[in-house]
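Only one structure is covered here, and it is reproduced in the block below.
The values are calculated or read from the model by the stated rules, or taken from the named source; none is laboratory data. Because the structure is a prediction, the values reported are computed rather than measured. In this analysis, Cβ positions are derived from the backbone assuming ideal geometry, glycine residues included, and neighbour counts consider all displayed protein chains.
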């Protein structure tokens with residue numbers, strides 16, 4: 001509900017409608033395999049042997065670390081949960097540019113992690129269809145949040161000039 005003097009609410013209702021579905025899709029992508037299975041050996045008595053990577057949670061459970069640093073899958077889980085939390089908060093008509101800027105700022109490292117694949121070492125990991133969808137959804141989140149931030153900044157500048 002908006003009151004008669006709630007110009008910001010009317011302007012930004014449209015963006016808020018996109019953030020809740022975005023949060024649900026991003027949350028769902030945490031539970032599907034983002035990488036294709038890798039053929040390890042074909043000549044075994046039981047047929048081909050594949051290495052499966054599983055979902056982001058399964059990868060994190062294996063505890064693969066980069067050097068002496070953090071587990072990249074745990075970092076990806078943390079960033080994804082931040083994006084989900086910001087999208088849920090964004091579904092309640094944010095009245096500042098900080099929230100959509102935060103969504104864009106945390107989605108970019110997720111895209112980079114999917115492209116660079118830290119912690120995979122010399123393995124030639126290929127993205128699964130869900131991995132490609134994850135990149136597309138993260139890119140859509142960046143575009144949506146950037147447009148929202150720019151629209152808010154322009155609206156704020158024009159409303160200050162009119163006052």
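Return the only residue of 115, 147, 142 being surrounded by fewer than 20 Cβ atoms within 10 Å (Cβ to Cβ) and either more than 16 Å from the chain's Cα centre (by Cα) or under 12 Å from residue 12 (Cα atoms) (or both).
Within the list 115, 147, 142, the selection yields 147.
When only residues in the range 83-95 that are in a helix (DSSP H, G or I) and surrounded by 17 or more Cβ atoms within 10 Å (Cβ to Cβ) count, which is modelled with the lowest pLDDT?
If we take residues in the range 83-95 being in a helix (DSSP H, G or I) and surrounded by 17 or more Cβ atoms within 10 Å (Cβ to Cβ), then 90 is modelled with the lowest pLDDT.
Results for (1) touching a residue at least 12 places away in the same chain (Cβ under 8 Å); (2) surrounded by fewer than 20 Cβ atoms within 10 Å (Cβ to Cβ); (3) touching a helix residue (DSSP H, G or I) at 6+ places or on another chain (Cβ under 7 Å), shown as yes or no for each residue.
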residue	(1), (2), (3)
78	no, yes, no
97	yes, yes, yes
100	yes, no, yes
105	no, yes, no
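Only residues that are touching a strand residue (DSSP E or B) at 6+ places or on another chain (Cβ under 7 Å) and modelled with pLDDT of 75 or more: list them for the range 44-72, please.
Answer for the range 44-72, where residues must be touching a strand residue (DSSP E or B) at 6+ places or on another chain (Cβ under 7 Å) and modelled with pLDDT of 75 or more: just 53.
Assuming residue 126 fulfils every condition listed in (1) surrounded by 15 or more Cβ atoms within 10 Å (Cβ to Cβ); (2) modelled with pLDDT of 85 or more; (3) under 23 Å from residue 71 (Cβ atoms) apart from one, which condition is it?
Every listed condition holds for residue 126 apart from (1).
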